[in-house]
1. Could you put Ile192, Ile92, Ile121, Ile160 in order of accessible surface area, largest first, with the 1.4 Å probe and the full protein assembly present?
2. What is the gain in length, in nm to one decimal, between Ser165 and Ser36 on full extension, counting 0.36 nm per residue of separation less the C-alpha to C-alpha distance?
3. Magnitude of the Cβ-charge dipole of the chain, K/R +1 and D/E -1, about the Cα centre, nearest 20 debye?
4. Under a 1.4 Å probe, what is the accessible area of the range 132-266 per residue, stated in Å²?
5. Kindly provide the chymotrypsin sites (Phe, Trp or Tyr not before Pro) of the range 208-240 that DSSP labels as loop, not H, G, I, E or B, and whose Cβ sees at most 12 other Cβ atoms within 10 Å.
6. Using a 1.4 Å probe on the protein heavy atoms, what percent of the accessible area of the range 139-266 belongs to carbon and sulfur?
7. With the cut-off at 30 Å, report for the chain the share of all Cα pairs above it, as a whole percent.
8. Rounded to a whole number, what % of the accessible area of the range 20-59 do carbon and sulfur atoms account for, probe 1.4 Å?
Amino acid sequence: MLRWKRHSDKPDIVPEKLESPINPKILLLIFGIVVSFQIYLYLAFPKPDDASHLIDVISVINPLISSIAAFIVVKKYWGSQVFGKAYLALAIGFTMNFLGETVYGIYDTLGYDTSFGPMDILFYAFYPLIMAHLIINIRFFKPKVGVLTKAWVLAIPIAITLVYSILSFQKQGEANFAFYTGLIYVILGSTILSGTMLGARVFRQGVLGISWFVLLIGVILLTVGDVWYSYLDTFDQYTLTHPVNLFWYGGYMLVTYALYKHQKII
C-alpha cells in the first residue's frame with residue numbers, strides 16, 4: 001500500500017511497482033462498445049446530421065464521467081502535494097472539455113455559429129492542464145531521457161504542425177482566421193500527443209504500473225482524435241458519424257477505467 005504524508009511532496013513508501021492489474025476483458029468490452037456504437041450510427045443515421053442530438057449528448061457525458069472519476073482520484077491523492085496537484089489539473093482539464101461540449105451543444109441546438117466561440121476557449125484550456133499533469137508527474141520521477149527520445153518528442157509536434165500548415169494554406173490560399181484557430185488546436189494537440197507518448201513510455205514500468213499506462217493511452221487517443229479532426233475540418237470532410245469519433249469515445253472510456261483502477265489500488 002502506498003501511504004502519503006500530509007502536505008508532503010514525497011510518499012512514505014514507494015514500492016518498485018504497485019499491483020494494478022488491468023482486466024483485458026474490460027479493454028475488449030470498451031473496444032466492442034465503441035465499434036458497435038459506430039456501426040449503429042452508420043446504420044441508424046444515413047444522413048450524419050440527423051445524429052446531432054445523440055452525438056451532442058454522448059459528447060457531453062463522456063468528459064463529464066472522466067472528470068468525476070478524476071476528482072475521485074484527487075480526493076484519494078490529496079495528502080500528496082505532488083500527485084494531488086497533478087490529478088487536480090487532470091480533473092479540471094476534463095471539466096473544461098465537458099463545459100466546452102456543453103456550450104457547443106447549446107450553440108448547435110440554437111442554431112448559432114459554431115465555427116468559433118466560448119467553447120473553443122474552454123477546449124483550448126484542456127491542453128495546458130493535461131500538460132501540467134504530465135510535467136508534474138514526469139519531474140517527480142526524474143526519468144533519464146536520451147537524445148533520441150528528446151528528438152522525437154520535439155519532432156512529432158513540429159512535423160504535424162508543418163503538414164497541417166502546408167495543407168491548410170494550399171486549401172484556403174491564405175492564413176485567415178479559420179487557419180489560425182485550427183492551427184492552435186493542432187499545435188496544442190500535437191504537443192500533448194508527444195508529451196503523453198513520452199509519459200506512457202516513462203510510466204509503463206513505473207510505480208503506478210499498467211493503470212497509468214492505460215490512462216495515458218486514453219489521453220493519446222483523445223489528442224489523436226483532436227489533431228485528426230483539425231485536418232478533417234480544414235478540408236470539410238468531418239461528419240458526425242466519421243470514424244475519428246472512435247478515438248474520442250474509446251479515449252474517454254479508457255481514461256475512466258484507468259482512473260477507476262487508480263482509486264482502487266491506492
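1. Ile121, Ile92, Ile160, Ile192
2. Length gained between Ser165 and Ser36: 43.0 nm.
3. Details: 19 positive and 15 negative charges, 354 e Å.
Computed charge dipole of the chain: roughly 1700 debye.
4. 46
5. Passing both the DSSP loop test and the Cβ count: Phe235.
6. The nonpolar share, carbon plus sulfur, comes to 68 percent.
7. Everything past 30 Å amounts to 31 percent.
8. Details: 1950 of 2640 Å².
Carbon and sulfur together cover 74 percent of it.
The values are calculated or read from the model by the stated rules, or taken from the named source; none is laboratory data. Predicted model only: the values in this text are computed from it and were never measured. Note that we place each Cβ from the backbone using ideal geometry, even for glycine, and neighbour counts take in every protein chain shown. Surface areas here come from the heavy atoms of the whole protein model, side chains and all, with no ligands, DNA or RNA. Shrake-Rupley method; radii C 1.70, N 1.55, O 1.52, S 1.80 Å.
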